[in-house]
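The structure appears right after this line, and notes come after that.
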Amino acid sequence: EAGVVQSPRYKIIEKKQPVAFWCNPISGHNTLYWYRQNLGQGPELLIRYENEEAVDDSQLPKDRFSAERLKGVDSTLKIQPAELGDSAVYLCASSPSASPLHFGNGTRLTVT
Amino acid sequence: AQSVAQPEDQVNVAEGNPLTVKCTYSVSGNPYLFWYVQYPNRGLQFLLKYITGDNLVKGSYGFEAEFNKSQTSFHLKKPSALVSDSALYFCAVRDSNSGYALNFGKGTSLLVTP
């Protein structure tokens, strides 16, 4: 099966600019996650979707971050405006409910 | 809150020797524990999980993990390390407040030298 696909792989932007990341989960996986991984740290959950519904977004900084999962398939994570501290790797994962998470290769964001 | 701790930032081992990467957990209720591996510039790959049953769990690439309830540990092991095992290893616990989302440790860098 095809894995979780994320794009772009790398993104460099200046602070205060907007940025968006895209994720295509594994076909049939109804649960989608966005994680942020800071350098030298483990991934931290930002938001979890069950189909098209965001069921846990308690860790999403809602003043500048937004996410959507239209039609319960692809998802987009947006930051507007970006800050220096947003530099990290943004990982998307999907799972068919109770199974282990499958991760994409991530988008490495550098904010200058 | 469900959490895991990885006390070692780095583990060094010679090729052919056994390796252990340590993880301890703190949960309320029954723990659902996982190990993932991350190679440079890649996402995390699932190695193995403990849900219930035997305390020794076998996973991918010859790895296994031992669940120890009395010590609240879930150490990752491999009898004979390979240079290609060099990577970042993350222990994780299911967050019961967020479906099947995982809370990860900070990771342990494993370096296997020839």
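A few notes on this one:
- Segment A:31-98: trypsin sites (Lys or Arg not before Pro) in DSSP loop, at most 12 other beta carbons within 10 Å: A:K62
- Rounded to the nearest 20 debye, the dipole magnitude of segment A:1-77 is 420 debye, with +1 charges on Lys and Arg beta carbons, -1 on Asp and Glu beta carbons, and the Cα centre as origin.
- Taking the protein heavy atoms of the protein assembly as shown in the context of the full set of protein chains, the accessible area attributed to carbon and sulfur is 48 percent at 1.4 Å.
- Think of a 1.4 Å ball rolled over the protein heavy atoms: segment B:7-109 then has 47 Å² of accessible area per residue.
- Formal net charge of residues neighbouring A:L45 (Cβ-Cβ distance under 9 Å; K, R +1; D, E -1): -1
- Under the convention that each Lys and Arg Cβ holds +1 and each Asp and Glu Cβ holds -1, the size of the dipole of segment B:1-111 around its Cα centre is about 180 debye.
- Ranking B:V21, B:C91, B:S80 by Cα position along the charge dipole of chain B, where only Lys, Arg, Asp and Glu carry charges on their C-beta atoms, puts B:C91 farthest toward the positive end.
- Projecting the Cα atoms of A:Y33, A:F65, A:L84 onto the charge dipole of chain A, computed from C-beta unit charges around the Cα centre, puts A:L84 farthest toward the positive end.
- Proximal aspartates and glutamates to A:K15, defined as alpha-carbon separation beneath 13 angstrom and excluding residues fewer than eight positions away on the same chain: A:E83, A:D86
- Mean-square fluctuations from a GNM of chain B, with a 10 angstrom spring cutoff on Cα atoms, peak among B:A65, B:A87, B:A101 at B:A101.
- Summing both sides, the accessible surface hidden between A and B at a 1.4 Å probe radius is close to 1500 Å².
The values are calculated or read from the model by the stated rules, or taken from the named source; none is laboratory data. All values reported here derive from a predicted model rather than from experimental measurement. Using ideal geometry, Cβ is built from the backbone for each residue, glycine included, and neighbour counts are taken over all protein chains shown. To get the accessible areas, we keep the full protein, side chains included, count just its heavy atoms, and leave off ligands, DNA and RNA. Shrake-Rupley method; radii C 1.70, N 1.55, O 1.52, S 1.80 Å.
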